[in-house]
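Encoded as structure tokens, the structure appears first; notes follow it.
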Amino acid sequence: MSYVDEVISEVIRKNPGEPEFHQAVKEVLESIRVVVEKNEESYRRDALLERLVAPEREIKFRVPWVDDKGQVQVNSGYRVQYNSAIGPYKGGIRLHPSVNIGIIKFLGFEQVFKNSLTGLPIGGGKGGSDFDPKGKSDREVMAFCQSFITELYKYIGQDTDVPAGDIGTGAREIGYMYGQYKRIRGVFEGVLTGKGLSYGGSLARREATGYGLLYITAEMLKSRGIGIEGKTVAVSGAGNVAIYAIEKAQQLGAKVVTASDSTGWVYDPDGIDLAALKEIKEVKRARLSEYKNYRPSSEYHEGRGVWSVKVDIALPCATQNELHLEDAKMLVANGVTVVAEGANMPTTAEATEYLQKNGVLFLPGKAANAGGVATSALEMSQNSERLHWSFEEVDEKLKGIMTSLFHNIDNAAKKYGFEGNYVVGANIAGFEKVVDAMTAQGIV
Ligand code: NDP
Ligand code: 2IT
């Protein structure tokens, strides 16, 4: 058996019941096979792949909190500190009932390569809890966040591990977590990113993942002489990433006709009304079914279906494995030319393969959504120098990072004979830097 296959089967054996983690590892290791084969002897001797797939540290803890009825609730908290070869652990905190250790490991593993691709000095980590902020009062969310940090504070710090937002963790949650960290540690430091602007946050961090997704998509199209203006776009999700992807797509002259949440999706043939969407999701924290009250001519559908609409570009921005093989077939039949992942691993392995085989330009999440974490690293820089940069300055840097990221993965794909395969390009380019740092630092 080849070294790559041996390590994949060991990962499956040692981590039972964690299908998303297996999926993420398989995707990466299979696409770096060509590099591994060239260096097989030294990698095997150094157990390089075994070290790469094993998190440096997994932390699991109890999170007790009191709800509004006086009832004590107990959730599980996690932080996986995956790889610190190129910088302090960096990655978001996901608050969603589906969170378990396998989900956090898959996200942490992806984060290692994504962070490497940003070109900035950040290692990979991820955390979260099965707590569901949906339907909770602000006081309940605060109680949870304070309890979560009362345990997690021991393991994080501006030079060790810097968490941020992800699904279910937005500005409100980061604020409560930051306040509790500062209270316990008695230091005002950049331990979290995605902070409010009044206490150390960076301008453009809120917009960064969605904007970055459009910047890299536009750059990829530009490299083929195509513009984004006038294109029709389907977006899934209606959260942080989706909203600012829609905003930038509209600014670039594209027409976005869909958005979705976990209960349903809207089709608005005239283009999504972004002000309405922001009010429903950012202010009211309501369901997407409300969108019809703002735009009577739009359609609301319960359940899945966002990929059945005829579009040029599809941007999955909700969650993992939300774009299945049948969806990929519908998209291709409807003439889609680009799929770029705003979410982490939203496309199943079968769907990705189908899209690529049918000539669709496919940008994987670890490249396409790297603008969020890259701007988090810019927030860390600003915190370290105790300065604030203007929106334009941060946005310019973000654009520059996404543009060079695209050329980096494009060149890596070409170098190894996989021209146009950005999955292979992203995995190889992300891997090379981490491996170089790991090798230089010896067996640790
Ligand atoms: P939000 O919590 O702001 O929004 C998530 C959106 O996705 C919501 O509309 C939510 O609907 C929907 N969603 C979540 N889970 C499911 C599900 N199981 N089925 C269907 N829909 C679902 O999260 P973000 O926008 O921050 O994150 C979206 C994705 O982008 C995630 O994969 C995240 O890991 C990734 N990402 C986020 C970054 C960031 O900076 N925030 C950076 C890079 C990647 P509902 O409200 O009904 O649950
Ligand atoms: O998946 C991701 O890259 C994020 N949720 C953002 C992480 C960060 O540290 O900003």
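The values are calculated or read from the model by the stated rules, or taken from the named source; none is laboratory data. Only a predicted model underlies this, so the values are computations on that prediction, with no experimental measurement involved. Heads up, the Cβs are rebuilt from the backbone with ideal geometry, glycines too, and the neighbour counts pull from every protein chain shown.
Taken as a whole, the structure places residue 245 among residues that are within 11 Å of ligand 1 (Cβ to nearest atom) and buried (at least 20 other Cβ atoms within 10 Å of the Cβ). Selection over the range 193-236 of residues that are among the acidic types (Asp, Glu), away from ligand 1 (no atom under 14 Å from the Cβ) and either without any contact (Cβ under 8 Å) to a residue 12 or more places away in the chain or over 21 Å from residue 334 (Cα atoms) (or both) gives a count of 1. Taken as a whole, the structure leaves residue 434 outside the set of residues that are buried (at least 24 other Cβ atoms within 10 Å of the Cβ), in contact with a strand residue (DSSP E or B) (Cβ under 7 Å, 6 or more places away or on another chain), assigned to a helix (DSSP H, G or I) and of a type in the set (Val, Ile, Thr). Condition (residue is within 28 Å of residue 192 (Cβ to Cβ), touching a residue at least 24 places away in the same chain (Cβ under 8 Å) and either within 16 Å of ligand 2 (Cβ to nearest atom) or aliphatic (A, V, I, L, M) (or both)) applied to the range 406-425: is it met by at least one residue? Checked the range 406-425: no residue is within 28 Å of residue 192 (Cβ to Cβ), touching a residue at least 24 places away in the same chain (Cβ under 8 Å) and either within 16 Å of ligand 2 (Cβ to nearest atom) or aliphatic (A, V, I, L, M) (or both). Count, please, the residues in the range 361-388 that happen to be of a type in the set (A, V, I, L, M, F, W, C) and within 10 Å of ligand 1 (Cβ to nearest atom). So the answer is 4. Taking residue 51 as the residue in question, decide whether it is over 24 Å from the mean Cα position of the chain (by Cα) and part of a helix (DSSP H, G or I). No: the conditions fail for residue 51.
Just wondering, is there one or more residues in the range 91-110 that are within 21 Å of residue 442 (Cα to Cα) and modelled with pLDDT of 95 or more? Scanning the range 91-110, I find at least one residue that is within 21 Å of residue 442 (Cα to Cα) and modelled with pLDDT of 95 or more, so the answer is yes. Can you tell me which residues in the range 59-96 are surrounded by 17 or more Cβ atoms within 10 Å (Cβ to Cβ) and outside any strand (DSSP E or B)? Within the range 59-96, 84, 85, 86, 87, 88, 96 qualify. Put simply, of 53, 35, 66, 25 the only residue that is in contact with a strand residue (DSSP E or B) (Cβ under 6 Å, 6 or more places away or on another chain) and either within 16 Å of ligand 2 (Cβ to nearest atom) or β-branched (Val, Ile, Thr) (or both) is 66.
Here residue 145 meets the list (1) without any contact (Cβ under 8 Å) to a residue 40 or more places away in the chain; (2) crowded, with 24+ Cβ neighbours inside 10 Å; (3) within 15 Å of ligand 2 (Cβ to nearest atom) almost entirely, failing just condition (3). Of all residues in the range 151-182, those that are farther than 26 Å from residue 112 by Cα and surrounded by 18 or more Cβ atoms within 10 Å (Cβ to Cβ) total 2.
Does any residue of the range 367-385 turn out to be modelled with pLDDT of 95 or more, under 21 Å from the mean Cα position of the chain (by Cα), under 23 Å from residue 232 (Cα atoms) and surrounded by fewer than 24 Cβ atoms within 10 Å (Cβ to Cβ)? Scanning the range 367-385, I find no residue that is modelled with pLDDT of 95 or more, under 21 Å from the mean Cα position of the chain (by Cα), under 23 Å from residue 232 (Cα atoms) and surrounded by fewer than 24 Cβ atoms within 10 Å (Cβ to Cβ), so the answer is no.
The set of residues from the range 195-240 being among the acidic types (Asp, Glu) and over 24 Å from residue 337 (Cα atoms) comprises just one member, 207. Filtered by the rule that a residue be near ligand 1 (Cβ under 9 Å from one of its atoms) and either surrounded by fewer than 24 Cβ atoms within 10 Å (Cβ to Cβ) or not in a helix (DSSP H, G or I) (or both), the range 98-117 gives a lone residue, 98. The residue that is surrounded by the fewest Cβ atoms within 10 Å (Cβ to Cβ), counting only those in the range 258-313 that are more than 24 Å from residue 168 (Cα to Cα) and small (Gly, Ala, Ser), is 297. Per the conditions (1) in contact (Cβ under 8 Å) with a residue 60 or more places away in the chain; (2) touching an Asp or Glu at 6+ places or on another chain (Cβ under 9 Å); (3) of a type outside the set (D, E, K, R), the sole criterion not satisfied by residue 441 is (2).
Within the range 221-238, the set of residues being of a type outside the set (D, E, K, R) and surrounded by fewer than 24 Cβ atoms within 10 Å (Cβ to Cβ) comprises 221, 223, 225, 226, 227, 228, 230, 232. Only helices (runs of 4 or more DSSP H) whose full extent lies in the range 307-396 are considered here, and the ones with at least 3 residues that are away from ligand 2 (no atom under 15 Å from the Cβ) are 325-333, 349-357. The residues in the range 183-204 that are under 25 Å from residue 136 (Cα atoms) and either surrounded by 24 or more Cβ atoms within 10 Å (Cβ to Cβ) or at pLDDT below 95 (or both) can be counted, and the count is 3. It is to be established whether one or more residues within the range 75-82 are within 25 Å of residue 444 (Cα to Cα), touching a strand residue (DSSP E or B) at 6+ places or on another chain (Cβ under 8 Å) and in contact (Cβ under 8 Å) with a residue 60 or more places away in the chain. Within the range 75-82, one or more residues are within 25 Å of residue 444 (Cα to Cα), touching a strand residue (DSSP E or B) at 6+ places or on another chain (Cβ under 8 Å) and in contact (Cβ under 8 Å) with a residue 60 or more places away in the chain. Can you find a residue that is more than 15 Å from ligand 2 (Cβ to nearest atom) and either more than 18 Å from residue 92 (Cβ to Cβ) or modelled with pLDDT under 95 (or both) anywhere in the range 163-179? Yes, because at least one residue in the range 163-179 is more than 15 Å from ligand 2 (Cβ to nearest atom) and either more than 18 Å from residue 92 (Cβ to Cβ) or modelled with pLDDT under 95 (or both).
Residues in the range 351-376 that are of a type in the set (S, T, N, Q) and within 19 Å of residue 413 (Cα to Cα): 352, 356, 358, 369.
Tell me which residues, restricted to the range 97-132, are among the charged types (D, E, K, R) and in contact with a Leu (Cβ under 6 Å, 6 or more places away or on another chain). If the condition is that a residue be among the charged types (D, E, K, R) and in contact with a Leu (Cβ under 6 Å, 6 or more places away or on another chain), then 126 is the only one that fits.
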